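The structure appears right after this line, and notes come after that.
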Amino acid sequence: MGHLMPIALRFLAQGISVVPVANDGSKRPKFAWKRFESELPIPDELLMWFKDGVNGIGVVTGAVSGNLEMLELEGRAVAQKIHLEITEIANNSGLKEVWEMLNSGYVEMTPSGGLHWLYKISDGEVPGKHKVGSQTR
């Protein structure tokens, strides 16, 4: 059994749609995944996909995954310690509790050294993909 199988199954058990990532170093899914934007895979599909040789898990956000949303900070931003600046801004603007809640949930480091925060929106729909901002130093 592949080392990512238990993780993929835990995501699915939480109602989160997942697909395997291609083994070519990209972040793209291993196959056409449009179907999994509107329906969850079944455990047997995960068993087949993740049994061996898969290097990553793609998480499908949005309604299919219970209004799951992802906030991403790219590796170069983490290297520039932007996440520490965000903490300071949150603390100084009355959002300390929200930032702490976000950080006490699911946070992962990406292969490029970035950060992904995954959380569910309980009072509305996921608004879609938006670039919040970028900064070059």
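The values are calculated or read from the model by the stated rules, or taken from the named source; none is laboratory data. Because the structure is predicted, anything quoted here is derived from the model rather than measured. All Cβ positions, even for glycine, are placed from backbone atoms using ideal geometry, and neighbour counts span all protein chains on display. All accessible areas refer to the heavy atoms of the entire protein, side chains included, with ligands and DNA or RNA removed. Shrake-Rupley method; radii C 1.70, N 1.55, O 1.52, S 1.80 Å.
Tabulated data
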{"item": "For the chain, with +1 on Lys and Arg beta carbons and -1 on Asp and Glu, the positive-most of Trp117, Phe31, Ile16 along the dipole", "result": "Phe31"}
{"item": "Answer label, with Cα extents along the principal axes in Å calculated from the coordinates and candidates (1) 48, 34, 23; (2) 48, 36, 29; (3) 46, 30, 29", "result": "(1)"}
{"item": "Rounded Å value of the spacing that divides the Cα centres of segment 60-120 and segment 5-22", "result": "20 Å"}
{"item": "Which listed pairs, of Lys96/Lys120; Lys34/Lys120; Lys30/Lys81; Lys34/Lys96; Lys30/Lys120; Lys27/Lys120, have C-alpha distances above 28 Å, in listed order", "result": "Lys30/Lys81; Lys34/Lys96"}
{"item": "Solvent exposure, largest accessible area first (probe 1.4 Å, DNA, RNA and ligands not counted), of His3, His83", "result": "His3, His83"}
